[in-house]
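The values are calculated or read from the model by the stated rules, or taken from the named source; none is laboratory data. Quick caveat: nothing in here was measured; it's all calculated off a predicted structure. Counting neighbours? That spans all protein chains shown, and the Cβs are built from the backbone with ideal geometry, glycine included. Please note that ligands, DNA and RNA were not included when accessible areas were found on the heavy atoms of the full protein model with its side chains. Shrake-Rupley method; radii C 1.70, N 1.55, O 1.52, S 1.80 Å.
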Amino acid sequence: MSLQATAPAVLPASRVPDSMDAPPLRWGIMGPGWIAGRFTESVQAHTRQMIAAVGSRSRERSQAFADTFGIAAAYGSYGELAAADIDIVYVATPHTSHHSAALAALAAGKHVLIEKPIGINAAQARDIRDKAAAAGLFAAEALWTFFLPKFDAVRQLLDAGALGTLTTVIAEYGEHFEPGHRIFDPMLAGGPLLDLGTYPLALVTAVLGAPDQLRALGIGHPSGVNGQISAAMSFPGGAHAVVNTQLNNFTPTQASLVGTAATLTLDGPFNMPGGFTLSQPDGTSLRYEEPAGAHFEGLHFEAAAVARAIHAGRTSVAERPLEASILTMDVADAIRGQLGITFPGE
Ligand SMILES: NC(=O)c1ccc[n+]([C@@H]2O[C@H](COP(=O)([O-])OP(=O)(O)OC[C@H]3O[C@@H](n4cnc5c(N)ncnc54)[C@H](OP(=O)(O)O)[C@@H]3O)[C@@H](O)[C@H]2O)c1
């Protein structure tokens, strides 16, 4: 991170193009659950991408999803979806089957966009990278935050060294869940780490890289999954990061990047569309305005970016390269290692 004595006079504008400009792909939805519905409605409203097919473990559920969203083809198995006449599979199954679902799609010659987390551990993430590379196909993790217009402005500020030397990143994400949610199911790799903690860990590692020290605290939830994690990390050069994630209740979901020249605070929830403030030690500040929004307003950016990358012949996307997804999972694995948390099949 380069040194700069003062923060800029004006904030950079986002360079993220209109999602309508992205050339279309034929998408297949694998796992017609909650996020699949949000992705489909956002993509249908804001892009020219074609949601061409949906696959479920049940023919009835895929047909119901197809009827809701006007999708032409509905399949009663993931294998049939992977073999369908589509360009790319959007994997929206629970974490525990991201790896197998992605491999099935790649084996059928389809590009893949995989919901976060890309797998349950770094070994799965590396295997997806290797299988995609061997097949010459596109693969990326659908970490939608990094595709939002505000993040392009954040990235420009970081690249220009506008925060000075980055010393501290603080990020947290907690949410309330109704009983019966899959986050309480140990067999689905439940607990906050993979559902929510992915975001703070992805932010910390995207900004600071790989930690050289990590200390984690955890406490269980009565359901049998982990209920809360706090982690502190240090990085080569001396920066620190502090992360908290838990499933007991909503938090502001805040994130701050602290540098010697300026502090950048993302409006909460930081993982969704919204603005940020760049504050300087003299008390002045600059505001980046982005309308606050949720999945409908934000998920289409990742689909458009992926479509542009694939049409350009690329097998990865700059906003979320596979190496970045692997690093996030490496840190999640290190946290679990200290807390003795294992997931099914490990
Ligand atoms: N980007 C975001 O903001 C965001 C938000 C929420 C979730 N997510 C991610 O998206 C993934 C799915 O989350 P979700 O909340 O959409 O889950 P969900 O509502 O439970 O849907 C998951 C779907 O996967 C299928 N599935 C396959 N194997 C399953 C199993 N063993 N148990 C249950 N369902 C199974 C089910 O469809 P069929 O049985 O019909 O095939 C189900 O509808 C998670 O990895 C999560 O981290 C991302």
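Every test in (1) surrounded by fewer than 21 Cβ atoms within 10 Å (Cβ to Cβ); (2) over 19 Å from the mean Cα position of the chain (by Cα) is passed by residue 293 save one, and that test is (2).
Taken together, 278, 257, 264, 327 contain a single residue that is open to solvent by 10 Å² or more (accessible area, probe 1.4 Å), modelled with pLDDT of 95 or more and more than 16 Å from the ligand (Cβ to nearest atom), which is 327.
The residue of region 26-43 that is most open to solvent (accessible area, probe 1.4 Å), among those that are part of a helix (DSSP H, G or I) and more than 10 Å from the ligand (Cβ to nearest atom), is 41. Within 30 Å of residue 334 (Cα to Cα) and not basic (Lys, Arg), is that true of residue 43? Taking the combined requirement at face value, the residue does not satisfy it.
Of everything listed in (1) outside the structural domain of residue 302 (by TED's automatic domain parsing); (2) more than 14 Å from the ligand (Cβ to nearest atom); (3) acidic (Asp, Glu), the single unmet condition for residue 152 is (1). Annotation for region 224-243: no member residue is within 16 Å of the ligand (Cβ to nearest atom), assigned by TED's automatic domain parsing to the domain that holds residue 274 and among the hydroxyl-bearing types (Ser, Thr, Tyr).
From the list 214, 203, exactly one residue is open to solvent by less than 40 Å² (accessible area, probe 1.4 Å) and closer than 21 Å to residue 319 by Cα. Which is it? Selected residue: 203, the only one of 214, 203 that is open to solvent by less than 40 Å² (accessible area, probe 1.4 Å) and closer than 21 Å to residue 319 by Cα. Output the residue which, of all residues in region 60-84 that are out of contact with any Leu (no Cβ under 8 Å at 6 or more places or on another chain) and part of a strand (DSSP E or B), is nearest to the ligand (Cβ to nearest atom). Among them, the one singled out is 74. Here is a check on your reading of the model: is residue 198 within 25 Å of residue 152 (Cβ to Cβ) and within 16 Å of the ligand (Cβ to nearest atom)? The answer is yes for residue 198.
Condition check: charged (D, E, K, R) and either out of contact with any Ser or Thr (no Cβ under 8 Å at 6 or more places or on another chain) or free of Cβ contacts under 8 Å to residues at least 12 places away in the same chain (or both). Does residue 26 satisfy that?
The answer is yes for residue 26.
Would you call residue 315 open to solvent by 20 Å² or more (accessible area, probe 1.4 Å) and out of contact with any strand residue (DSSP E or B) (no Cβ under 8 Å at 6 or more places or on another chain)? No.
Of all residues in region 119-148, those that are in a helix (DSSP H, G or I), more than 16 Å from the ligand (Cβ to nearest atom) and not small (Gly, Ala, Ser) total 5. All of 286, 264 fail the test of being under 22 Å from the mean Cα position of the chain (by Cα) and part of a strand (DSSP E or B), apart from 264.
Within the bounds of region 91-102, is there any residue that is under 20 Å from residue 43 (Cα atoms), away from the ligand (no atom under 14 Å from the Cβ) and of a type outside the set (A, V, I, L, M)?
The first filter runs over region 91-102 and keeps only residues under 20 Å from residue 43 (Cα atoms), leaving 91-93.
Among the residues that remain, those that are also away from the ligand (no atom under 14 Å from the Cβ) are: none.
No, region 91-102 contains no residue that is under 20 Å from residue 43 (Cα atoms), away from the ligand (no atom under 14 Å from the Cβ) and of a type outside the set (A, V, I, L, M).
Are any of the residues in region 268-275 aliphatic (A, V, I, L, M) and open to solvent by less than 10 Å² (accessible area, probe 1.4 Å)?
no
Among the conditions (1) within 11 Å of the ligand (Cβ to nearest atom); (2) in a helix (DSSP H, G or I); (3) surrounded by fewer than 17 Cβ atoms within 10 Å (Cβ to Cβ), residue 57 misses just one, which is (2).
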